[in-house]
Amino acid sequence: MQKILLILLFPQLLFASYLSIPDTNYFGKRPCITFDICEGLANAGNEYARTTLALFYLEGKGRVKKNVKKGLKMLRFSARNNDYHLAQAILGIMYKNGDYFKVDPIKSATWMLKSAIHGFALAQYHIGMMYLEGYGVNRNMKLAVYWIKQGASRGQLDAMKQLGIMYIQGKGVTLSIKRGEAWMRKAIGTCPITRIHQ
């Protein structure tokens, strides 16, 4: 019963504690819950909590002693064994940036593609850009457009901006200033800072 109650209350716990913990390096988001709650949920099998707990260990946040080995083990477990899209995307970014690993474009693209296939919009944008630039994968304009459109359709800000630029330049898509401007306006309307000042 307690496990079910915790799972039902999880979104409220995330919101309530969102502002109380410092930023992480990944995706500009904060680890949204306290370590104790996160640990309990991770032990109960919650992959978001396990991934957040891994970031606590990797970065040594709050009262948590930095333990890179344990953090990476948890992150890999979520990404491999439980096929969790957020952990996969984080590993993709780590391999791209050289965080805790040697820079490896192929591993970066591999993890990002796995996450994108699961529908994670940020990963869809990143793998689209990788296909566009030929980073870790062969350049492929059709796949670049496909993945960037997927991310944009799910509201990912960078994907919407990139798609707008692609339409305005006619890069990989039929030139359309009208469509390009529409995607740029949609991106501006999505940006939290512009919504605050409207």
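Mind checking whether some residue in segment 73-90 is closer than 18 Å to W147 by Cβ and more than 18 Å from the chain's Cα centre (by Cα)?
Checking segment 73-90: not a single residue is closer than 18 Å to W147 by Cβ and more than 18 Å from the chain's Cα centre (by Cα).
Right, S115: under 28 Å from T51 (Cα atoms) and out of contact with any Cys (no Cβ under 6 Å at 6 or more places or on another chain) or not?
Values: under 28 Å from T51 (Cα atoms): yes; out of contact with any Cys (no Cβ under 6 Å at 6 or more places or on another chain): yes.
Yes; evaluated as a whole, the condition is true for this residue.
How many residues, within segment 56-73, are among the hydrophobic types (A, V, I, L, M, F, W, C) and surrounded by fewer than 22 Cβ atoms within 10 Å (Cβ to Cβ)?
Going residue by residue through segment 56-73, those that are among the hydrophobic types (A, V, I, L, M, F, W, C) are 56, 58, 64, 68, 72.
Next, from what is left, pick out any that are surrounded by fewer than 22 Cβ atoms within 10 Å (Cβ to Cβ): 64, 68, 72.
Final tally of qualifying residues: 3.
Would you mind stating whether G128 is crowded, with 21+ Cβ neighbours inside 10 Å and in contact with a Gly (Cβ under 8 Å, 6 or more places away or on another chain)? Show your work before the answer.
Values: crowded, with 21+ Cβ neighbours inside 10 Å: yes; in contact with a Gly (Cβ under 8 Å, 6 or more places away or on another chain): yes.
Judged against the criteria, G128 is a match.
Any idea which of S153, S115 is crowded, with 22+ Cβ neighbours inside 10 Å, among the polar types (S, T, N, Q) and under 16 Å from the mean Cα position of the chain (by Cα)? Full working, then the answer.
Numbers: S153 fails: crowded, with 22+ Cβ neighbours inside 10 Å.
Residue meeting the stated conditions: S115.
Anything in segment 44-76 that is in contact (Cβ under 8 Å) with a residue 12 or more places away in the chain, outside any helix (DSSP H, G or I) and either under 14 Å from T34 (Cα atoms) or in contact with a Cys (Cβ under 6 Å, 6 or more places away or on another chain) (or both)? List them, or say none.
K61, G62, R63, V64
For every residue, the table says whether it meets (1) within 17 Å of V137 (Cα to Cα); (2) assigned to a helix (DSSP H, G or I).
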{"residue": "L86", "(1), (2)": "no, yes"}
{"residue": "A89", "(1), (2)": "yes, yes"}
{"residue": "K102", "(1), (2)": "no, no"}
{"residue": "K107", "(1), (2)": "yes, yes"}
{"residue": "W111", "(1), (2)": "yes, yes"}
{"residue": "A116", "(1), (2)": "yes, yes"}
{"residue": "A123", "(1), (2)": "yes, yes"}
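Taken together, the values in this text are just the output of simple stated rules run on the coordinates, not laboratory data. What you see is a predicted model; the values in this text were computed from it and never measured. Cβ coordinates were reconstructed from backbone atoms using ideal geometry, including for glycine residues, and neighbour counts include every protein chain displayed.
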